[in-house]
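The structure appears below as structure tokens.
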Amino acid sequence: MNLLASIRVALTALRINALRSSLAMLGVIIGVASVIVLVSISEGTKQAVEAQIASFGANLLIVRPGASMFGGRRGGEGTATPMTDGDAEAIRDQVSGVGGVSGEVNAFGLSVVFGGVNWSTRITGVNPAFFDVRDWVIEEGRAFTEEEEQSARRLAVVGQTIIDEVFDGASPVGQSVRIGGQQFSVIGTVAAKGQTNYGSDQDDIVFLPLSTVRQRFGAGEVPTVRDPVQTIFVAVGAGESTGRVIADIEDLLRVRRGIQPGADDDFNVSSLAEFIRARNETESQLGLLLAVGAGIVLLVGGIGIMNIMLVSVTERTREIGLRLAVGARAADIRNQFLIESIVLCVTGGLIGLVVGVGGTIAYANVGELEIAVNPGIVAIAIGASAFVGVFFGLYPAHRAARLNPIEALRFE
């Protein structure tokens, strides 16, 4: 018998025992479907996280004040002495490998008023370098200059949500808006970045010169600190060691803030690279768990396939004896049952593929999540089902091929 004829006979045998074949394929179907669903959701989440990291900047360092100490009691994070413009300038000028530095202060409880629209939003004061450091692309118009920032000019760069909600989608460049009861000129817009993973709209924002926010709205002002900033963003230069830059920044700030040797830092320097590393480790562990779980399910399915094939060999003993008697070789019998096992598993794998893709799409629609069906994982899942067919079908096929023709014909 040639290969096509063997496959045809295998499909006929499976069709005759459709219910039994379906139950035998169930383990393979569940195994393949579960792999596709779980890996697709994992890939979708991974891509969403990578997009989020890209929107922040993978080479970004964030410097913030840490916890304060009052009479032996430790305050919350951010309660220590604020960072200053001087700290930001020192990092920029004295730490090698830094690609850019910007301070940030936020003003709360302010609205943008234009025409008959009053829109509450986030007002953020930044240095001109902020847009490059945080990878905010100027889409229309321009950003403010160093001279304009230092002179506290009333200029604004707005996000996409502000354009949609306040200006009804029209270009705001050249328009005048009221923020906190004061007139500001819109000189530029930034490209959309979308929502963060925790649902915050990054585009619902207005950027003003840092000195403007501090002087006109009192944001971040501390009586004992000159020119305070709430956060300093540092871009690490391409090819530079993030760990080395972090260590140099910490050494510099310890000196500037008068921290004695052995004392705890009252500031934090965090890196998105640490988050990326932790995420990769988590994904590796998740991938291992998925592989183990899928392997267990396919193992159970393979045992079921072997059981069904052994039953099939027993039921078709007289048929096997007749074929051997009329000239079939042992290899022909072995190949026949092996092909039946492979067809059974591959069919289950294809059904599992359909169920898995359908389940992934349904889950994404219900949960409003991003998904990504990886063709490589699909190929591996189908290949694994074929391997199960070969591995667990080999013993029943070998047992059928070793039957004695005379004894097989006498079998009742």
Note to self: Compute a Gaussian network model of the chain, connecting alpha carbons closer than 10 Å, and tell me which residue from LEU290, LEU344, LEU324 fluctuates the most.
What the structure shows: LEU324
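Might you report the magnitude of the Cβ-based charge dipole of region 305-387 about its Cα centre, with Lys and Arg at +1 and Asp and Glu at -1, to the nearest 20 debye?
Numbers: 5 positive and 6 negative charges, 105 e Å.
Using Cβ point charges on Lys, Arg, Asp and Glu, region 305-387 gives about 500 debye.
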Item checked: Computed [θ] at 222 nm, deg cm²/dmol, the chain (DSSP H ≥ 4; -39,500 (n - 2.57); rounded to nearest 500) -> -18500 deg cm²/dmol
Margin query: Could you tell me which residue out of ILE232, PHE144, VAL9 lies farthest along the dipole of the chain toward its positive end? Charges go on the beta carbon: Lys and Arg +1, Asp and Glu -1, centred on the Cα centre.
Written below: VAL9
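Give me the tail of P(r) for region 292-336 as a percent: Cα-Cα pairs with distance above 11 Å. It would help to have the intermediate numbers written out before the result.
Values: 698 of 990 pairs.
Everything past 11 Å amounts to 71 percent.
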Check: Any idea what the dipole of the chain comes to, in debye rounded to 20, about its Cα centre with Lys/Arg Cβ at +1 and Asp/Glu Cβ at -1?
Finding: 2160
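Assuming 0.36 nm per residue, please report the length gained on full extension of the stretch ARG402 to ASN374 beyond their Cα-Cα distance.
Extra length available between ARG402 and ASN374 comes to 5.8 nm.
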Checklist line | the chain, relative contact order in percent, only Cα pairs under 8 angstrom and at least six apart counted | finding: 28
Next item on the list: Along each of the three principal axes of the Cα atoms of the chain, give the extent in whole Å, ordering the values from largest to smallest.
Entry: 104, 58, 38
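Measure off, as a whole percent, the carbon and sulfur share of the 1.4 Å-probe accessible area of region 144-270, all protein chains present. It would help to have the intermediate numbers written out before the result.
On the way: 2490 of 5880 Å².
Taking all protein chains in place, region 144-270 shows 42 percent carbon and sulfur surface.
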Item checked: Most mobile of GLY348, GLY293, GLY44 in a GNM of the chain (Cα contacts under 10 Å) -> GLY293
Notebook entry, point to check: Given the options VAL255, VAL95, VAL166, which has the most mean-square fluctuation in a GNM of the chain, springs set between C-alpha atoms less than 10 angstrom apart?
Noted result: VAL255
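The values are calculated or read from the model by the stated rules, or taken from the named source; none is laboratory data. Just so we're clear, the structure is a prediction, and the values are computed from it rather than from any experiment. Here the Cβ is made from the backbone with ideal geometry for all residues, glycine too, and neighbour counts use every protein chain on show. Note: accessible area is taken over every heavy atom of the protein model, side chains too, but ligands, DNA and RNA are not part of it. Shrake-Rupley method; radii C 1.70, N 1.55, O 1.52, S 1.80 Å.
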